[in-house]
Structures are given as C-alpha cells and as structure tokens.
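Here's the structure, in structure tokens; my notes come after.
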Amino acid sequence: MSRFQFVAENSTTYPVKRLCELVEIERSSYYAWQTGTPARSARAASDGELLERIRIIHAEDDAQGVPRITAELNDGAAPEDRVNHKRVARVMREAGLSG
C-alpha cells in the first residue's frame, strides 16, 4: 500500500492534514495523486488490453523479444493505435514475460 493510498483509506476517520503529516507527504501531493486516479485506472485497463495482445503474439513464438513484438503490434496499425517499444517492454516485464 502506498502512503497516498493509506491517506485515502483513512481520510474519512482522520483529517487529511494530520494523515499527510504522519506519512510525511505534502497535502498538495496527495490531492494531485487523488486527481490522477482516473488516468491511472484508464492506463491500467489499456495496459491489460495490450498485455492480452502481447500474450497472443508471444504464444505463437516465445523467442520473440520486445522489438519484434512491437513491430508485430504496429504492423498495419493506425497512427493512434501504435505502441512504443518502451511501453511494450514495461508491460512484458510487469507480466513476467521474457523479452
């Protein structure tokens, strides 16, 4: 659990100001984290969809690494649907897929 999550879960019981002092974060940082929650959720959902596409490609040939999988994902994709090799590497690393 992150310090921000701790503050969020206990903010109904204790004042945010006191909780932030306790875990040594600035209140502005907490509120910025709270504002970014929808974006983090959307990125996590998008990464989940990307992981499924990566798993399909990886299952066909598990010897493929990040560059080849990225090329396969971007082959014929519209410009707004293209993915960066760094994102592919991060998603694969988090999923425990060798790349």
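Nothing in this text is a laboratory measurement; each read-out follows from the coordinates by a stated rule. For clarity, every value in this text was computed on a predicted model and none was experimentally measured. Note that each Cβ is placed from the backbone with ideal geometry, even for glycine, and that neighbours are counted across all protein chains shown.
Loop-located GluC sites (Glu not before Pro) in segment 1-42 (DSSP state not H, G, I, E or B) with no more than 12 neighbouring Cβ atoms inside 10 Å: 24, 26.
For residue 11, no residue 5 or more places off, or on another chain, has a built amide H under 5 Å of its own. If you take the square roots of the eigenvalues of the alpha-carbon gyration tensor of segment 41-95 and sort them as a ≥ b ≥ c, do you get rounded (a/c under 1.5), prolate (a/b over b/c) or oblate? Oblate, because a/c is 1.5 or more while a/b does not exceed b/c. Annotation: extensible slack from residue 45 through residue 16 equals 7.6 nm (criterion: 0.36 nm per residue apart, minus Cα-Cα distance). Using θ = phi - 60° in the Karplus curve 6.51 cos²θ - 1.76 cosθ + 1.60, the 3J(HN,Hα) couplings for segment 79-88 round to x, 6, 9, 6, 10, 8, 4, 5, 5, 4 Hz; x is entered for Gly and Pro.
As a proxy for reagent exposure, 82, 87 were ordered by neighbouring Cβ count within 10 angstrom, fewest first; the result is 82, 87. Taking the chain on its own, what percent of its Cα-Cα pair distances exceed 21 Å? Summing the P(r) of the chain above 21 Å gives 50 percent of all pairs. Rounded to the nearest 20 debye, the dipole size of segment 52-95 about its Cα centre is 280 debye, using +1 on the Cβ of Lys and Arg and -1 on the Cβ of Asp and Glu.
Using θ = phi - 60° and the Karplus relation 6.51 cos²θ - 1.76 cosθ + 1.60, list the HN-Hα couplings for segment 32-47 in order, rounded to whole Hz, with x at every Gly or Pro. Once θ is set to phi - 60°, the couplings for segment 32-47 become 5, 4, 5, 5, x, 4, x, 5, 5, 5, 5, 5, 5, 5, 5, 5 Hz.
Using θ = phi - 60° in the Karplus curve 6.51 cos²θ - 1.76 cosθ + 1.60, the 3J(HN,Hα) couplings for segment 14-25 round to 10, x, 4, 4, 5, 4, 5, 4, 4, 9, 6, 10 Hz; x is entered for Gly and Pro. Charged side chains reduced to their Cβ positions (Lys and Arg at +1, Asp and Glu at -1) give the chain a dipole of some 460 debye around its Cα centre.
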